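Here's the structure we're looking at; comments come further down.
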Number of protein chains: 2
Amino acid sequence: MAIPVETFFLNQNSQGTLQSRIQQMVAEGILSGRFRRGEKLPSTRQLAKNLGVSRITVTLAYTELQANDYLSSKGRSGYFVSENAPEPPDFGPLSTTEDKVDWDSALSRRYTIDRPIGMARPADWSRYRYPFIYGQTDSKLFDHANWRLCAMQALGAKDFASLTQDQFDLDDPELVTFIARHSLPRRGIIAGPDEILITLGAQNALWLSSQLLASDGRKVAIEDPCYPELRSLLTQSGAQVTPVAVDEKGLPPENIPDGTKVIFTTPSHQCPTSSTLPRDRRDALLKRAAELDAIVVEDDYEFEMSFLAPPSPALKSLDEDGRVVYVGSFSKSLFPGLRLGYLVGSAEFIREARALRASVLRHPPGHIQRTAAYFLSLGHYDALVRRIGLALTERRKVMEAAIAEHGLEIAGKGAHGGSSLWMQAPPECDTRKFAANLREQGVLIEPGGAFFAGPNRPQNFYRLGYSSIPTERIEDGIKRIGDALAQKKKQG
Amino acid sequence: MAIPVETFFLNQNSQGTLQSRIQQMVAEGILSGRFRRGEKLPSTRQLAKNLGVSRITVTLAYTELQANDYLSSKGRSGYFVSENAPEPPDFGPLSTTEDKVDWDSALSRRYTIDRPIGMARPADWSRYRYPFIYGQTDSKLFDHANWRLCAMQALGAKDFASLTQDQFDLDDPELVTFIARHSLPRRGIIAGPDEILITLGAQNALWLSSQLLASDGRKVAIEDPCYPELRSLLTQSGAQVTPVAVDEKGLPPENIPDGTKVIFTTPSHQCPTSSTLPRDRRDALLKRAAELDAIVVEDDYEFEMSFLAPPSPALKSLDEDGRVVYVGSFSKSLFPGLRLGYLVGSAEFIREARALRASVLRHPPGHIQRTAAYFLSLGHYDALVRRIGLALTERRKVMEAAIAEHGLEIAGKGAHGGSSLWMQAPPECDTRKFAANLREQGVLIEPGGAFFAGPNRPQNFYRLGYSSIPTERIEDGIKRIGDALAQKKKQG
């Protein structure tokens, strides 16, 4: 690769002759890792012109750099970074100067402190033999071939505008129409395009809802345990958060405290216990919300993962007041790296959410919206969901059998499906340490403490996902967990 | 298309016999536009099983619907929505019930009210003959073929993880490395990976900066006129915003008021006047910021559009205190629908920005990051920027000649390039009305009022973009603007 001449600037504050400043500039580029061995430097003529110096000055600088083995010359081909040039440090701290800014006072707000802890999930999970991890994509189940075809179609000349155009605050009409006509009716929801907003995944939908509904310190009820990122973003938005303990049937509506104005809930598959809110509790929840005049945010993050029993109609489908805001996601049924989800709610709410989203990011990239629209409308999506359902049915069966066999304790599981089991170790077992030990044996489990509201989080729960582990490895993986627990017991 | 049986739910609250409720359900589906003419209904057996009713009840309901011409029967093939079925309303308001929610009190915050006004830009701009619009992509200049190849490469098996995986708060390392090694050095900036964050376009970078630096009511200086979305999102974030009038050399640093803690500026091409901040003002600006102990956010939204003179080094490259936060964008050089930009700043700032971004949306979709990384690293990007530069050089020449010829007045133009000219009509001309009139003649211009801080915005400015109009139409388009102005003068 040739190093473009535009990347050369003389440091205005450095001392010395022009020639030495040029030498310094090139050497610094090499030492900082910007210029790499074998890369071609601009010609002396080009560089001289760009810097506004005489060509002989550049030639002298290059010659000197060559003598010091920073550069090598290949006759007419010009100068190159020498193969013997000093190695740059491996992209460590590059700035030689220290910040004069006191960031504690420069930052009006910190966001790192509210981030959920203990959620560190290895990016290289696929290298582990027993990845009981949650929410990633199984390359063996995903329909990569058809996704590629749809993406290529969306890259065609016909879709040039949807690929390239600034849509300001608008969404891809084809994706919205498909969601309105096809996805939502399956959940019993009828909504028009002005009641739907495409979001950057369910995370973005939850964030938008929290900003719109709970940014002024009003009382918000969440489930306990719950998705840690939700607790974190509600805290950030300034809401007064009350965790309400769930039981084996999900959120008990009668325990939602008086004064609550917003209720965040996961009725299809409670996160993380996977329990499904029964119909009578759904009615009771809507009644309680009406009493409180509260808005309900229904996070239906894995609706499609209902393979053991037909899905219940969404809470939103029972809502005659317009008080349910529905959050859908393609992260589980397609893949999380797609970053596509949606919000469904009253037109007035969606209008505000659209304005906020436009401020924050304008719109989700057009190309991925159009690709998803094709994938859905060509029927690949339904086929994929069926295939995933079949695989998860089998894995779930093997999971439950192995768990019974090896004496593990299930704390919660979805009657309708889901892609994980919520597990309970003996009270004295800290699953953070336990998970670290198992990891060394190639077994990835997710410690459960982060799902609970603080300060006294129980640390003996853990989650076992089965959406990414091959069926044939489940038995052996569960055995290792069982063995490790048994050994712990013996030691303890 | 067959209508999936899962989309059928009996309304629990409706009255009448089971049969009539089934009829009502199907009829409602047709009338609401969910089921369309020619679509196949589930078999009576399937539907009966799904609803938990007897098959004869469903058969009777279907027969009745057929008699009323909602459905037609095709013998053994089953039942279809009749070709004579009533037409649904064109996706108007579907809900029959009215919201019982008082959104005025349910919403803790409104975002529609702060939205910039007068920025309505027609989505169908490409159908106009003379689109002097700003910030869209010219299909004749964009390297669609190579973009497609890079996207296909990024869809390959090797990149499955970068496509599908949930990266939590991380970015594509290949894109970050390329920006660090290639894009930033051209601007004179040296930064390591922990000093770079990929954002959903420059809009997202500005939003993140405003949340981090100015969410507690502190004093912020912006340019006047300026990018209206910036003013809007700063107002939303709660900052105390002071507009500082720019002149033909951009922002005068000495006019930044005491007490200012954050300065938002566009030194390369002032938005919207396109002027370039000269070197002495850059130094003075950094000096003033140091005096105020203020952070400077440098929005370099169209750095690459420097085709008339070599670009100046970025303000960030002169910053030895770590007080400049740099905003880059691929919207102008690639396309705005991509939604990719980046933030460069001190590691501590970037860490907070990363945490906030993770809360709001996790990460920009992996596929588009990887596609951009390929497009950049294979050299297509540099070639594209050169091609755009050549085209814009030519268009700019034709623009200036036509403007001189037809007596229009330029209020600001970039000495280095840019993709628009800032124009001034006689003081009595309201360019909002003027633009509406021109639109009827196929000429799109952008009224300038929205760029100014309120309440007494001058309404006689307008912006002429030349990044999307074919060179051969410029002369004729400018003539029409000139003629319309001349006619206005005669009338006025």
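Please work out if B:ASP159 is more than 9 Å from chain A (Cβ to nearest Cβ), of a type outside the set (A, V, I, L, M) and assigned to a loop (DSSP other than H, G, I, E, B).
Working: more than 9 Å from chain A (Cβ to nearest Cβ): yes; of a type outside the set (A, V, I, L, M): yes; assigned to a loop (DSSP other than H, G, I, E, B): no.
Here the answer is no, as B:ASP159 does not meet what is asked.
Counting only residues that are under 18 Å from A:ASN50 (Cα atoms) and among the charged types (D, E, K, R), the range B:285-331 holds 1 of them. Here the range A:420-433 is the region considered, the condition is being under 25 Å from the mean Cα position of the chain (by Cα) and surrounded by fewer than 23 Cβ atoms within 10 Å (Cβ to Cβ), and the residue that is farthest from A:ILE133 (Cα to Cα) is A:LYS433.
When the range A:145-156 is limited to residues that are at the interface with chain B (Cβ under 7 Å from one of its Cβ atoms) and crowded, with 18+ Cβ neighbours inside 10 Å, the one that is farthest from B:SER126 (Cα to Cα) turns out to be A:ALA151.
Out of the strands (runs of 3 or more DSSP E) lying entirely within the range B:184-261, which hold 2 or more residues that are surrounded by 24 or more Cβ atoms within 10 Å (Cβ to Cβ) and outside the structural domain of B:ALA411 (by TED's automatic domain parsing)? Give the derivation first.
Numbers: elements: B:196-199, B:219-224, B:240-245.
Hits in the range B:184-261: B:196-199, B:219-224.
Taking each residue of the range A:149-173 that is of a type in the set (Val, Ile, Thr) and looking for partners that are surrounded by 16 or more Cβ atoms within 10 Å (Cβ to Cβ) and in a loop (DSSP other than H, G, I, E, B) with beta-carbon atoms closer than 9 Å, six or more apart or interchain, yields A:THR164/B:GLN136; A:THR164/B:THR137; A:THR164/B:PHE142; A:THR164/B:LEU334; A:THR164/B:PHE335. Of the residues screened, B:LEU251 is one that is modelled with pLDDT of 95 or more, within 20 Å of B:GLY345 (Cβ to Cβ) and away from chain A (no Cβ under 12 Å).
Restricting B:GLN487, B:GLN459, B:GLN491 to those that are more than 27 Å from B:PHE307 (Cβ to Cβ), crowded, with 20+ Cβ neighbours inside 10 Å and polar (S, T, N, Q) reduces the list to B:GLN459.
Is it the case that A:PHE178 is within 7 Å of another protein chain (Cβ to nearest Cβ), surrounded by fewer than 21 Cβ atoms within 10 Å (Cβ to Cβ) and either assigned to a helix (DSSP H, G or I) or of a type in the set (Phe, Trp, Tyr) (or both)? Break it down into steps so the answer makes sense when it comes.
Values: within 7 Å of another protein chain (Cβ to nearest Cβ): no; surrounded by fewer than 21 Cβ atoms within 10 Å (Cβ to Cβ): yes; either assigned to a helix (DSSP H, G or I) or of a type in the set (Phe, Trp, Tyr) (or both): yes.
Spelling it out, it is not the case that A:PHE178 is within 7 Å of another protein chain (Cβ to nearest Cβ), surrounded by fewer than 21 Cβ atoms within 10 Å (Cβ to Cβ) and either assigned to a helix (DSSP H, G or I) or of a type in the set (Phe, Trp, Tyr) (or both).
Step by step: first the residues of the range B:350-365, then only those that are among the hydrophobic types (A, V, I, L, M, F, W, C) and out of contact with any strand residue (DSSP E or B) (no Cβ under 6 Å at 6 or more places or on another chain), then the one that is farthest from the other protein chains (Cβ to nearest Cβ). Which residue is that? So the residue we want is B:ALA358.
What's the total number of residues in the range B:420-433 that are under 25 Å from B:ASP138 (Cβ atoms) and either of a type in the set (A, V, I, L, M, F, W, C) or in contact with a helix residue (DSSP H, G or I) (Cβ under 6 Å, 6 or more places away or on another chain) (or both)?
Total meeting the criteria: 3.
Checking the range B:219-228 against the condition returns no match, with no residue being out of contact with any Leu (no Cβ under 8 Å at 6 or more places or on another chain) and at the interface with another protein chain (Cβ under 9 Å from one of its Cβ atoms). The residue of the range B:461-487 that is nearest to B:HIS406 (Cα to Cα), among those that are in a helix (DSSP H, G or I) and among the charged types (D, E, K, R), is B:LYS479. Looking only at residues in the range B:23-48 that are assigned to a helix (DSSP H, G or I) and touching a residue at least 40 places away in the same chain (Cβ under 8 Å), which one is farthest from the other protein chains (Cβ to nearest Cβ)? The selected residue is B:GLN23.
The values are calculated or read from the model by the stated rules, or taken from the named source; none is laboratory data. Quick caveat, the model's predicted, so the values are computed rather than measured. Here Cβ is always computed from backbone atoms with ideal geometry, including for glycine, and neighbour counts include all displayed protein chains.
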